[in-house]
Amino acid sequence: MEDLSKNQVHIVQIEGYSGEGAGIARIYGRVVFVQGALRGEVCRIRILKVRKSAAFARIEQVIEPSPARIAPDCPLFPRCGGCTFRHMDYAEELWLKRRRVQDALLRIGGSDVEVEEILGARDIARYRNKAQYPVSPQGEVGFYRARSHEVIEAERCMLVREEADAAAGALRAWMRRCAVPGYDEKTGQGLVRHLYVRTNTAGESLVCVLCNAEKLPHERELVAMLRAACPRMAGVVLGVNRARTNVILGDAYRTLWGSDRLEDTLCGLTFRLSVPSFYQVNHSQCEALYGKAVEFAALSGRETVLDLYCGVGTITLTMAAHARRVLGAEIVPEAIEDAKENARRNGVENASFFCGDAGAVAAKLAAEQLRPDVVTVDPPRKGLSEDVVRTVAQMAPARIVYISCDPATLARDVARFALLGYHAVRAAAVDMFPRADHVETVVLLSKNEVDSEKMA
């Protein structure tokens with residue numbers, strides 16, 4: 001029986017895509033992942049690595065290209081790890097992402113719920129309202145090479161706002177002029193770790209420089225250069241992160257100039273955002289996502305809604321307009337303070353917020369006999385812990401609206417909820433991250449196994 005080995009060359013047809021967007025071929029019955037290949041293409045490939053379950057290969061030649069193949073419009077692609085799909089047209093990317101969610105729900109979640117649609121983005125360039133630039137020990141400011149922590153210097157990025165590019169250029173110039181060293185992950189030495197830029201719909205930016213100390217040399221010159229590069233900047237914040245970790249944000253912040261908050265308008269509400277506060281990176285697609293969540297929640301104005309992982313209260317306050325009472329829980333203290341302030345600023349009087357771990361807050365509210373009609377969750381990429389799933393189910397809400405940025409952990413949790421009597425009855429995908437391999441999903445879970453709408 002023939003088998004695969006490193007450096008073999010084969011001609012294959014690409015059948016589909018992996019969860020990360022690599023092309024999939026089969027050789028001798030084995031799955032082969034081919035980075036950069038599109039479905040339907042015939043390619044000459046070289047085997048790079050062989051494992052028990054699969055092999056990995058690179059393209060030597062595209063013999064029969066897909067009609068969806070396009071020339072990448074960024075000189076850093078594919079070296080930079082920020083984008084995955086600059087070699088395919090947007091229609092193919094949307095097909096891939098919808099299929100990825102559908103496959104995960106079926107294979108991992110054991111659910112046959114149909115992904116009704118994927119809401120594509122109107123703008124697929126410069127849509128990100130937040131940019132995070134790692135800094136190399138040599139002072140390069142850019143993005144990590146795919147699957148590594150090697151910094152690729154990037155003077156221009158097709159995904160971020162122009163204000164972010166300008167701030168990165170100013171930081172780069174300041175470090176060189178003032179001989180300020182970048183941080184070295186291997187030794188723990190050096191000062192500047194990351195640049196963080198958040199921009200609102202009005203074009204104003206909040207800039208945070210993350211460093212390995214409580215103070216930087218030549219701080220006034222840094223502020224002056226950033227202000228010159230970004231005339232509409234709202235503030236400059238210094239973030240302190242001395243931990244030997246790859247976590248970006250720190251645990252202490254000091255305002256160097258201006259404000260440490262940025263205002264933005266979302267779903268008709270005004271929000272004040274601090275550096276650590278979670279806020280979706282694509283404004284227009286976030287409104288589409290939250291609109292779908294409100295639709296799935298099916299609120300009549302009489303319900304109590306519990307929103308776990310509420311961040312600065314964006315989903316909570318959006319739901320408040322349609323419910324009798326809303327409660328939000330979040331572990332980040334700064335985010336909870338922002339959420340309370342956001343409720344006050346928008347005149348929302350039927351919202352309450354609690355600071356704490358989602359599982360602990362949910363358990364506390366359950367012990368107090370809180371019986372929400374609807375629970376919404378928008379967890380980080382790792383999804384929900386088993387105790388949160390169990391506690392939410394014990395509250396016995398009529399509906400659970402699950403917003404997820406990772407189809408695999410979403411599907412895992414859908415399977416967990418099914419064991420407790422909650423089944424997925426509706427699902428939709430939203431492309432929050434055009435050209436990147438992430439996708440958002442909204443799933444409605446109901447206590448009844450059969451959706452009443454399907455029975456009608």
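Each part gets one Cα centre, and for segment 260-283 versus segment 148-164 those centres are 22 Å apart. Near Val281, once Lys and Arg are set to +1 and Asp and Glu to -1 for all other residues with Cβ below 11 Å from its Cβ, the sum equals +3.
Determine how many Å³ per residue the convex hull of the Cα atoms of segment 273-368 encloses. Numbers along the way, then the final one.
Numbers: hull volume 9.3 nm³, N = 96.
Enclosed volume per residue, from the Cα hull, is 97 Å³.
Structure note, pairs Lys6/Lys97; Lys52/Lys130; Lys186/Lys382; Lys6/Lys130: Cα-Cα distances above 32 angstrom occur for Lys52/Lys130; Lys6/Lys130. Summarising the label geometry, the points placed 7 Å from Cα in the beta-carbon direction at Arg324 and Cys267 lie 2.1 nm from one another.
Between Ser53 and Arg232, the contour length at 0.36 nm per residue exceeds the Cα-Cα span by 59.2 nm.
Based on DSSP H runs of at least 4 residues, each adding -39500 (n - 2.57), what is the mean residue ellipticity at 222 nm of the chain after dividing by all its residues, to the nearest 500 deg cm²/dmol? Kindly include the intermediate steps, with their values, before the conclusion.
On the way: 10 runs with 118 residues, N = 456.
Dividing the helical sum by the residues of the chain leaves -8000 deg cm²/dmol.
When the trypsin sites (Lys or Arg not before Pro) in segment 359-456 are filtered for DSSP coil states and for at most 16 other beta-carbon atoms within 10 Å of their beta-carbon, the remaining sites are Arg381, Lys382, Lys447.
Site pair Arg244 and Lys364 shows an inter-label distance of 3.5 nm when each label is modelled 7 Å from Cα along Cα→Cβ.
Quote the FRET efficiency, to the nearest 0.05, computed for Ser385 versus Asp251 with a Förster distance R0 of 30 Å and r equal to the Cβ-Cβ distance. Write down the numbers at each step before the final one.
On the way: r = 23 Å, r/R0 = 0.76.
It comes out at approximately 0.85.
If you bin all the Cα-Cα distances of segment 130-259 at 10 Å, starting from zero, the percentages per bin are 14, 50, 33, 4, 0. Computed from the C-beta positions of Thr187 and Ala91 and an R0 of 35 Å, the FRET efficiency is 0.15 to the nearest 0.05.
Between Arg44 and Arg145, the FRET efficiency from the beta-carbon distance, with R0 = 25 Å, is close to 0.50. The trypsin sites (Lys or Arg not before Pro) of segment 41-78 that meet both conditions, a loop assignment by DSSP and at most 11 other Cβ atoms within 10 Å of the site Cβ, are Arg51, Lys52.
Annotation note: GluC sites (Glu not before Pro) in segment 304-362 located in DSSP loop regions with a Cβ neighbour count of at most 15 within 10 Å are Glu349.
Each reported figure results from applying straightforward, stated rules to the coordinates on display, with no laboratory input. Predicted model only: the values in this text are computed from it and were never measured. With ideal geometry, Cβ positions are generated from the backbone for all residues, glycine too; neighbour counts draw on all protein chains shown.
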